[in-house]
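A short write-up of the structure that comes next.
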Amino acid sequence: MTSAYRHVPVLLDEVGELLSPARGQVLVDGTLGGAGHASALAPALGEDGLLIGIDHDPAALAASEIALEAAACEVPRLLVHGSFADLDRILLDASVAGVDAVLLDLGVSSHELDEAERGFSYKREAPLDMRMDPDNHTKTAAEVINTYSQPDLVRILGAYGEERHARAIAAAIVRAREKAPIETTTELADLVRAAYPARERAKRHPARKTFQALRIEVNGELEALEKGLDAALRWLLPGGTIAVISYHSLEDRIVKHAFQELAKGCTCPPELGVCVCGNVPIVDVLTPRPLTPRDAEVEANPRARSAKLRAARKRAIA
Ligand SMILES: C[S@@+](CC[C@H](N)C(=O)[O-])C[C@H]1O[C@@H](n2cnc3c(N)ncnc32)[C@H](O)[C@@H]1O
């Protein structure tokens with residue numbers, strides 16, 4: 001059953017200050033969601049600007065149309081059902097020469113988490129699905145759990161969940177599925193809890209990291225982020241800004257390294273005395289440390305608590 005779209009935009013003021021959209025500009029929101037950020041940012045673009053909104057969840061696109069209408073946003077817009085990993089193709093199709101601002105607010109929306117049947121939440125009984133784009137014929141979480149080899153399960157739980165008990169959980173999954181396929185979120189959550197050392201079961205739910213790992217694997221999230229960041233940084237016009245909100249350390253690390261790499265200038269050893277590499281900084285990092293939500297925001301919206309915002313600005317070519 002679908003319900004009204006619910007999602008509170010995170011770090012909204014901070015994103016607005018960093019991107020500072022202006023008249024006539026092109027803004028890409030690569031993770032449109034319910035257009036919480038987009039409907040606050042886009043009006044500044046004016047009638048000669050362009051909002052390009054992307055989401056691979058059709059429910060998000062439908063909700064964002066309504067939110068943008070409600071915000072009386074007269075800005076021309078192009079809403080695309082797809083992945084920000086395909087930014088090159090999307091921007092070529094849009095016939096823009098470059099973009100002034102890019103926002104990526106990663107992960108799932110509150111709406112996706114709360115729609116039990118999507119299978120993202122270990123707290124609600126549902127089939128193990130977890131596809132952000134249910135129209136896309138990619139694998140489901142049930143396929144991963146029931147078909148991946150034990151070593152592959154250990155690998156994804158360790159790499160994408162940073163789960164210290166990956167071996168014990170993978171062994172428990174394989175034992176259980178020998179009897180019958182594991183089909184629901186709560187079945188998996190109970191199994192993970194039982195595989196956890198008893199002394200650690202009382203902390204945050206033991207299934208949290210397993211569910212994170214599965215979601216990342218099912219949706220190819222880290223590959224998409226690397227591809228999307230690379231494209232966004234190439235398409236930014238001089239002076240253009242990219243802002244990325246991440247919700248776990250794997251994403252944050254990718255963003256941090258991508259920005260650092262492009263902010264690096266000459267990499268020649270100092271003893272050379274002269275530059276032979278020719279590398280020049282492409283961006284300035286605007287957030288040497290990531291911005292995080294204030295206490296009041298976390299209190300009002302607990303799902304903001306793990307958010308980290310990083311931003312970089314493309315340099316003018318010398
Ligand atoms: C945290 S929500 C964004 C919420 C939005 N900023 C707002 O204020 O309403 C993340 C959204 O990004 C989408 N998403 C995640 N990865 C994506 C990808 N690779 N390409 C396109 N959309 C993606 C999800 O479907 C979800 O709707």
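Every read-out reported here was derived from the displayed coordinates using simple, explicitly stated rules and does not represent laboratory data. Just so it is clear, the model here is predicted, and its values are computed rather than measured. Don't worry about glycine lacking a Cβ; one is built from the backbone with ideal geometry, like all the others, and counts go over all protein chains shown.
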Exercise. Sorted by average packing, counted as other Cβ atoms within 10 angstrom per residue and highest first, what order do 303-314, 193-204, 22-33 take?
Worked result: 22-33, 303-314, 193-204
Problem set entry | Dmax and Rg, reported as Rg then Dmax, of the chain (C-alpha, Å) | 21.0, 68
Exercise. Helix 58-70: angle to the longest alpha-carbon principal axis of the chain, degrees 0 to 90, nearest 10?
Worked result: 50 degrees
For this session: Please determine, in degrees from 0 to 90 and to the nearest 10, the orientation of helix 166-179 with respect to the longest principal axis defined by the Cα atoms of the chain, where the helix direction is its Cα long axis.
Result: 50 degrees
Exercise. To the nearest whole percent, what portion of all C-alpha pairs in region 128-219 is separated by more than 15 angstrom?
Worked result: 55 percent
Problem set entry | Which of 102, 75 has the fewest Cβ neighbours within 10 Å, and the rest in rising order | 75, 102
Exercise. So how strong a dipole does region 1-125 carry about its Cα centre when Lys and Arg Cβ are +1 and Asp and Glu Cβ are -1, to the nearest 20 debye?
Worked result: 140 debye
Problem set entry | Amide H contacts under 5 Å for residue 8, placed H, 5+ residues apart | 110
Exercise. Over the chain, what is the percentage of antiparallel beta bridges among all DSSP beta bridges, to the nearest 5?
Worked result: 40 percent
Problem set entry | Relative contact order (%) - the chain, alpha-carbon pairs under 8 angstrom, separation at least six | 17 percent
For this session: Set Lys and Arg Cβ to +1 and Asp and Glu Cβ to -1, take the dipole of region 128-219 about its Cα centre, and tell me which of 218, 161, 145 lies farthest positive.
Result: 161
For this session: For region 208-222, just list the computed ³J(HN,Hα) in residue order, Karplus coefficients 6.51, -1.76 and 1.60, θ = phi - 60°, integers in Hz, with x standing in for Gly and Pro.
Result: 4, 6, 4, 5, 4, 4, 5, 4, 5, 5, 4, 9, x, 5, 6
For this session: Grab the chain and count how many Lys pairs have their alpha-carbon atoms under 17 Å apart, sequence gap of 8 or more, or different chains.
Result: 7
For this session: Measure nothing fancy, just the Cα-based angle from helix 185-195's long axis to the longest principal axis of the chain, in degrees from 0 to 90, nearest 10.
Result: 70 degrees
Exercise. Which stretch or stretches of region 50-91 have amide N atoms under 16 Å from the point lying 7 Å from residue 97's Cα along the Cα→Cβ direction?
Worked result: 50
Seminar exercise, completed: Computed ³J(HN,Hα) along region 230-243: with the Karplus parameters 6.51/-1.76/1.60, θ = phi - 60°, integer Hz and x for glycine or proline, the list is 4, 5, 4, 5, 6, 7, 4, 7, x, x, x, 10, 10, 10
